[in-house]
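Student: Dumping the structure here so I can ask a few things about it.
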């Protein structure tokens, strides 16, 4: 379907929602669909070109990269990453928090866009022994779509402070989740192009176009940085002969080369440089099946075991707010004047109906 910019007036819609007004959110840019597609095509081509190159480099030289990196001093590592980044790189961990502490009003952090958009790119983390190696392995051996959601989440402080403002393109969605080919990754769809397109956008299965452009911008520079890091570490191998080497078996995971259990703090610190964890649907189905079986057992026990029924109601009674005395030290009316049967009626009704609902839902 041809793009339609006249389906609605996005500027009017946003103004009615309070955008651009004193105290309201900033008015975002409102590009046309063809401009978004042009940006998408340029970014995706660059991302996949660098992804394929990095993957080929790791298939041939990952073990060499690991050995060389681990032997380098902190200063040598710093020079490599600074040269690859090609600009000012924050010195400390989580530069986005440092920027946030400097903010005095909404939107003033726009001058620190790089720190807010790539908080994981900093000298403190990347000069540690394992971090860059984990980063290279994750991004070079897994598809870009595996990192799309985490990419956007990393900009959270910039987004909520409006230092980074996603563009707004109404009635469109950009596809990322599970899109592993260059043709599909970041593809822009009008809601009329697919019956589920609107739902994908509203349920967050895929991204709004403005969010998608930010993801692509982030991934584009990140992949370019990692390719340059790999090349700088392999500086004695010419670019022309870099891929002439035969593919090698993948080296052992870098974490397996150390003994001991990783602390929670270490796992948290390394999370931006690893592949994000994914839900196991088989595990989810198994857990839900167990939950249903437990609810069914509970319902049958209420029906067939008088002692279980009595103990369940008595336990529920112990947690009712009617047992709490008022500010004058008096009991609830249900516990006076011979009216406790009303309380027991509520308890019985609540427990039995709850048991059925847990099983049915």
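Student: Residue 171: touching a residue at least 12 places away in the same chain (Cβ under 8 Å), farther than 30 Å from residue 69 by Cα, assigned by the TED database to the domain that holds residue 120 and touching a strand residue (DSSP E or B) at 6+ places or on another chain (Cβ under 7 Å), yes or no? Even if it seems obvious, please write down each step before you answer.
Tutor: Numbers: touching a residue at least 12 places away in the same chain (Cβ under 8 Å): yes; farther than 30 Å from residue 69 by Cα: yes; assigned by the TED database to the domain that holds residue 120: yes; touching a strand residue (DSSP E or B) at 6+ places or on another chain (Cβ under 7 Å): yes.
Judged against the criteria, residue 171 is a match.
Student: Which of the residues spanning region 345-360 are farther than 16 Å from residue 301 by Cα and surrounded by 14 or more Cβ atoms within 10 Å (Cβ to Cβ)?
Tutor: Once the filter is applied, which keeps residues that are farther than 16 Å from residue 301 by Cα and surrounded by 14 or more Cβ atoms within 10 Å (Cβ to Cβ), region 345-360 yields 346, 347.
Student: OK, next. What are the residue pairs meeting all of these: first residue in region 310-333, first residue assigned by the TED database to the domain that holds residue 347 and free of Cβ contacts under 8 Å to residues at least 12 places away in the same chain, second residue in a helix (DSSP H, G or I) and surrounded by 12 or more Cβ atoms within 10 Å (Cβ to Cβ), Cβ atoms under 6 Å, and 6 or more apart or on different chains?
Tutor: 332/322
Student: From 283, 317, 303, which residue is at pLDDT 85 or above and either out of contact with any helix residue (DSSP H, G or I) (no Cβ under 7 Å at 6 or more places or on another chain) or under 30 Å from residue 144 (Cα atoms) (or both)? Walk me through how you get there before you give the answer.
Tutor: Details: 283 fails: at pLDDT 85 or above; 317 fails: either out of contact with any helix residue (DSSP H, G or I) (no Cβ under 7 Å at 6 or more places or on another chain) or under 30 Å from residue 144 (Cα atoms) (or both).
Testing whether each residue is at pLDDT 85 or above and either out of contact with any helix residue (DSSP H, G or I) (no Cβ under 7 Å at 6 or more places or on another chain) or under 30 Å from residue 144 (Cα atoms) (or both) leaves just 303.
Student: Further question on the same structure: Quick one: would you say residue 37 is surrounded by 14 or more Cβ atoms within 10 Å (Cβ to Cβ) and without any contact (Cβ under 8 Å) to a residue 24 or more places away in the chain?
Tutor: Details: surrounded by 14 or more Cβ atoms within 10 Å (Cβ to Cβ): yes; without any contact (Cβ under 8 Å) to a residue 24 or more places away in the chain: no.
When the stated conditions are applied, residue 37 does not pass them.
Student: Picking from 47, 65, 57, 80, which residue would you name as being within 30 Å of residue 193 (Cα to Cα), in contact with a helix residue (DSSP H, G or I) (Cβ under 6 Å, 6 or more places away or on another chain) and either in the same structural domain as residue 193 (by the TED database) or touching a residue at least 40 places away in the same chain (Cβ under 8 Å) (or both)? Walk me through it before giving the result.
Tutor: Working: 65 fails: within 30 Å of residue 193 (Cα to Cα); 57 fails: within 30 Å of residue 193 (Cα to Cα); 80 fails: within 30 Å of residue 193 (Cα to Cα).
Sole residue among the options that is within 30 Å of residue 193 (Cα to Cα), in contact with a helix residue (DSSP H, G or I) (Cβ under 6 Å, 6 or more places away or on another chain) and either in the same structural domain as residue 193 (by the TED database) or touching a residue at least 40 places away in the same chain (Cβ under 8 Å) (or both): 47.
Student: Then there's this: I'd like to check something: does region 7-22 contain any residue that is more than 23 Å from residue 224 (Cα to Cα), modelled with pLDDT under 95 and touching a helix residue (DSSP H, G or I) at 6+ places or on another chain (Cβ under 8 Å)? Don't jump to the end; show me each part of the working.
Tutor: Filtering region 7-22 down to residues more than 23 Å from residue 224 (Cα to Cα) leaves 7-22.
Retained after the next criterion (residues that are modelled with pLDDT under 95): 7-22.
Then drop every residue that is not touching a helix residue (DSSP H, G or I) at 6+ places or on another chain (Cβ under 8 Å), which leaves 20-21.
Yes.
Student: Can you find a residue in region 55-78 that is part of a helix (DSSP H, G or I), touching a strand residue (DSSP E or B) at 6+ places or on another chain (Cβ under 8 Å) and surrounded by 21 or more Cβ atoms within 10 Å (Cβ to Cβ)? Step through it out loud before you land on a result.
Tutor: Looking only at region 55-78, we keep the residues that are part of a helix (DSSP H, G or I), and these are 55-71, 74-78.
Cutting the leftovers down to touching a strand residue (DSSP E or B) at 6+ places or on another chain (Cβ under 8 Å) gives us none.
Within region 55-78, not a single residue is part of a helix (DSSP H, G or I), touching a strand residue (DSSP E or B) at 6+ places or on another chain (Cβ under 8 Å) and surrounded by 21 or more Cβ atoms within 10 Å (Cβ to Cβ).
Student: Among residues belonging to region 122-160 that are in a loop (DSSP other than H, G, I, E, B) and within 18 Å of the chain's Cα centre (by Cα), point out the one that is nearest to residue 253 (Cα to Cα). Walk me through it before giving the result.
Tutor: Taking region 122-160 first, the residues in a loop (DSSP other than H, G, I, E, B) are 122, 127-130, 142-143, 154-155.
In the following step, the residues that additionally are within 18 Å of the chain's Cα centre (by Cα) were identified as 142-143, 154-155.
Working: 142: 14, 143: 18, 154: 24, 155: 28 Å.
Here the residue is 142.
Student: With the structure loaded, tell me whether residue 155 is closer than 29 Å to residue 204 by Cβ, in contact with a helix residue (DSSP H, G or I) (Cβ under 6 Å, 6 or more places away or on another chain) and surrounded by fewer than 19 Cβ atoms within 10 Å (Cβ to Cβ) or whether it fails that test.
Tutor: Numbers: closer than 29 Å to residue 204 by Cβ: yes; in contact with a helix residue (DSSP H, G or I) (Cβ under 6 Å, 6 or more places away or on another chain): yes; surrounded by fewer than 19 Cβ atoms within 10 Å (Cβ to Cβ): no.
No: the conditions fail for residue 155.
Student: Looking only at region 320-340, filter to residues that are part of a helix (DSSP H, G or I) and out of contact with any helix residue (DSSP H, G or I) (no Cβ under 7 Å at 6 or more places or on another chain); which one of those is farthest from residue 351 (Cα to Cα)?
Tutor: Residues of region 320-340 part of a helix (DSSP H, G or I): 321-323, 333-335, 340.
Filter again for out of contact with any helix residue (DSSP H, G or I) (no Cβ under 7 Å at 6 or more places or on another chain), leaving 321, 323, 333.
Numbers: 321: 15, 323: 17, 333: 21 Å.
Here the residue is 333.
Student: Given the condition surrounded by 22 or more Cβ atoms within 10 Å (Cβ to Cβ), at pLDDT 95 or above, assigned by the TED database to the domain that holds residue 268 and not in a helix (DSSP H, G or I), answer yes or no: does some residue in region 99-118 qualify?
Tutor: Yes, some residue in region 99-118 is surrounded by 22 or more Cβ atoms within 10 Å (Cβ to Cβ), at pLDDT 95 or above, assigned by the TED database to the domain that holds residue 268 and not in a helix (DSSP H, G or I).
Student: What tally of residues in region 273-286 results from selecting those that are assigned to a helix (DSSP H, G or I) and surrounded by fewer than 11 Cβ atoms within 10 Å (Cβ to Cβ)? Write out each step before concluding.
Tutor: Taking region 273-286 and keeping what is assigned to a helix (DSSP H, G or I), we get 273, 281-286.
Filter once more, so that each one left must be surrounded by fewer than 11 Cβ atoms within 10 Å (Cβ to Cβ): 281-285.
Result for region 273-286: 5.
Student: Sticking with this one: For residues in region 192-209 being part of a helix (DSSP H, G or I) and over 16 Å from the mean Cα position of the chain (by Cα), which is surrounded by the most Cβ atoms within 10 Å (Cβ to Cβ)?
Tutor: Checked region 192-209; the qualifying residue surrounded by the most Cβ atoms within 10 Å (Cβ to Cβ) is 209.
Student: For region 319-344, what are the residues that are under 20 Å from residue 358 (Cβ atoms) and loosely packed, with under 12 Cβ neighbours inside 10 Å? Lay out the reasoning, then the answer.
Tutor: Here is the first cut: in region 319-344, the ones under 20 Å from residue 358 (Cβ atoms) are 319-320.
Scanning region 319-344 gives a single hit, 319.
The values are calculated or read from the model by the stated rules, or taken from the named source; none is laboratory data. The structure displayed is predicted, hence computed values, not measured ones. Cβ sites come from the backbone with ideal geometry, for glycine too, and all protein chains shown count toward neighbours.
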